[in-house]
Amino acid sequence: QKEVEQNSGPLSVPEGAIASLNCTYSDRGSQSFFWYRQYSGKSPELIMFIYSNGDKEDGRFTAQLNKASQYVSLLIRDSQPSDSATYLCAVNRKGNKLVFGAGTILRVKS
Amino acid sequence: GAVVSQHPSRVICKSGTSVKIECRSLDFQATTMFWYRQFPKQSLMLMATSNEGSKATYEQGVEKDKFLINHASLTLSTLTVTSAHPEDSSFYICSAPGGAEPLNSPLHFGNGTRLTVT
């Protein structure tokens, strides 16, 4: 079982819709969870991080964490074509190391 | 916000030569930096942890004699790919915890180095 699993996609949504990206992790001891966006040929950029169960909102983005289910998600409201990218879920390991999922490709169609 | 600068952004070298990649934290000190590698259409894989003032720690399967890491100061870590081969062609990205490095702080990434070995 992979430490961090994501559906590779592509996930296609129309412009203005809500995009829902999901991630599961295997280590119950994980405490920190991160979502990064990566455009083709570029390095990842941090979108959000979440440490506590529940929802965390930042603009059009909402991260949701359920530690009991070992599940973390990212919602993108009012999706824009510029949101089209690969979204990487990452989980913190000991020593501040991040383990990344394979990423979900999101395509927002105008 | 925290900025991590990586240089060069792109390098092409011949098989058998060595390539050095620099990673600098510009507005904060980083006792720890991380080096990742990403092959096309794959996710980031952690190669090693660079520790200021001590030896780097390598992930399983990463050859420490091939990928030399030096963390000479609180703002600079270097990765040298020695005797490069075409299979070393990849996207190498460094990262550092931002600011005061709390235990679970987000990582900030450099812009990456695209290495092509011919």
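The values are calculated or read from the model by the stated rules, or taken from the named source; none is laboratory data. Since the structure is predicted, the reported quantities are computational estimates derived from the model, not experimental observations. Quick reminder, even Gly has a Cβ in these numbers, built from the backbone with ideal geometry, and neighbours come from all protein chains shown. Surface accessibility is based on the protein's heavy atoms, side chains included, excluding ligands, DNA and RNA. Shrake-Rupley method; radii C 1.70, N 1.55, O 1.52, S 1.80 Å.
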May I ask you to list the residues in region B:1-37 that are of a type in the set (Ser, Thr, Tyr), within 12 Å of chain A (Cβ to nearest Cβ) and touching a His at 6+ places or on another chain (Cβ under 9 Å)? B:31, B:32
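Let's see how each residue does on (1) of a type in the set (A, V, I, L, M, F, W, C); (2) over 29 Å from residue A:51 (Cβ atoms); (3) touching a Pro at 6+ places or on another chain (Cβ under 9 Å):
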| site | (1), (2), (3) |
| --- | --- |
| B:42 | no, no, no |
| B:45 | yes, no, no |
| B:70 | no, yes, no |
| B:85 | no, yes, no |
| B:93 | yes, no, yes |
| B:97 | no, no, yes |
Regarding residue B:84, is this residue in a loop (DSSP other than H, G, I, E, B) and over 22 Å from residue A:86 (Cβ atoms)? yes
Going through region B:52-69 in order, the residues found to be away from every other protein chain (no Cβ under 14 Å), open to solvent by 20 Å² or more (accessible area, probe 1.4 Å), over 15 Å from residue B:6 (Cβ atoms) and not charged (D, E, K, R) are B:53, B:61, B:68
Which members of region A:86-110 meet the condition of being on the phi > 0 side of the Ramachandran plot, small (Gly, Ala, Ser) and crowded, with 18+ Cβ neighbours inside 10 Å? A:103
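Is there a residue in region A:63-76 that is among the β-branched types (Val, Ile, Thr), modelled with pLDDT under 95, touching a strand residue (DSSP E or B) at 6+ places or on another chain (Cβ under 6 Å) and under 25 Å from residue A:31 (Cβ atoms)?
No, every residue in region A:63-76 fails to be among the β-branched types (Val, Ile, Thr), modelled with pLDDT under 95, touching a strand residue (DSSP E or B) at 6+ places or on another chain (Cβ under 6 Å) and under 25 Å from residue A:31 (Cβ atoms).
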Where residues in region B:38-51 are open to solvent by 20 Å² or more (accessible area, probe 1.4 Å) and in contact with an Asp or Glu (Cβ under 9 Å, 6 or more places away or on another chain), which of them is farthest from the other protein chains (Cβ to nearest Cβ)? B:45
Test each condition in (1) more than 12 Å from the chain's Cα centre (by Cα); (2) part of a strand (DSSP E or B) for residue B:47 and report the one that comes out false. (1)
Checked against (1) open to solvent by less than 70 Å² (accessible area, probe 1.4 Å); (2) away from chain A (no Cβ under 14 Å); (3) at pLDDT 95 or above, residue B:116 satisfies every condition except (2)
Among residues of region A:28-45 being under 17 Å from residue A:4 (Cα atoms) and facing chain B (nearest Cβ under 7 Å), the residue surrounded by the fewest Cβ atoms within 10 Å (Cβ to Cβ) is A:31
Answer yes if at least one residue in region A:79-99 is hydrophobic (A, V, I, L, M, F, W, C) and over 27 Å from residue B:114 (Cα atoms), and no otherwise. no
Restrict the check to region B:76-89 and report whether at least one residue is more than 10 Å from the chain's Cα centre (by Cα), open to solvent by 40 Å² or more (accessible area, probe 1.4 Å) and at pLDDT below 95. no
